[in-house]
Amino acid sequence: MPIKELAERRDIPEQFLEQLFSTLRRNGLLTSHRGMRGGYTLARPAEEITVLDVVQVLDGKVGDEADEAGGIWAEGVTALRKVFGQTTIAEVARREAEEAGSGMYFI
């Protein structure tokens, strides 16, 4: 799917999405392809890339401040990291497809 179409579907500015994809490419999560049918593909199977991988590439380590705060904040971040670390991009795509009722998903 062309990045322009993805940006329109998600209502995200195309230039912003390009920046995100560029960061993901530089960190080994995406591969870029040149040419008329160029674009980006996942560098590994979607079943091997977790939400935590993506979030940490884009935002750094999740919850550094909460770790320092300790207590319930640290527990919450630990739970978040666990869920994000166990949820793959393939699972996110499947869930979105089910919610949309299409039964199909694209990554």
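The values are calculated or read from the model by the stated rules, or taken from the named source; none is laboratory data. Remember, it's a predicted structure, so these values are computed and weren't measured experimentally. Here the Cβ positions follow ideal geometry from the backbone for every residue, glycine too, while neighbour counts run over all protein chains shown.
Checked against (1) assigned by TED's automatic domain parsing to the domain that holds residue 93; (2) on the phi < 0 side of the Ramachandran plot; (3) loosely packed, with under 13 Cβ neighbours inside 10 Å, residue 4 passes all but condition (1).
Scanning segment 49-78 for residues that are at pLDDT 90 or above and either not in a helix (DSSP H, G or I) or not assigned by TED's automatic domain parsing to the domain that holds residue 95 (or both) turns up 49, 50. Taking the criterion of being not in a strand (DSSP E or B) and not aliphatic (A, V, I, L, M), the residues of segment 20-32 that qualify are 21, 22, 23, 25, 26, 27, 28.
Filtering segment 76-107 to residues that are surrounded by 16 or more Cβ atoms within 10 Å (Cβ to Cβ), touching a residue at least 24 places away in the same chain (Cβ under 8 Å) and not hydroxyl-bearing (Ser, Thr, Tyr) leaves 81, 84, 89, 90, 92. Looking across segment 33-48, just one residue is in a helix (DSSP H, G or I) and either at pLDDT below 95 or among the small types (Gly, Ala, Ser) (or both), and that is 46. Those residues that are in contact (Cβ under 8 Å) with a residue 40 or more places away in the chain and of a type in the set (Gly, Ala, Ser), I need them from segment 27-51; list them, please. Within segment 27-51, 46 is the sole residue that qualifies. Checked against (1) farther than 17 Å from residue 92 by Cα; (2) surrounded by 15 or more Cβ atoms within 10 Å (Cβ to Cβ); (3) not basic (Lys, Arg), residue 35 passes all but condition (2).
Of all residue pairs spaced 6 or more apart or on separate chains, those with beta-carbon atoms under 9 Å, a first member in segment 61-75 that is under 22 Å from residue 51 (Cβ atoms) and a second member that is part of a loop (DSSP other than H, G, I, E, B) are 67/61; 73/63; 74/63. Annotation: of all residues in segment 79-107 being within 11 Å of the chain's Cα centre (by Cα) and assigned to a loop (DSSP other than H, G, I, E, B), the one that is modelled with the highest pLDDT is 87.
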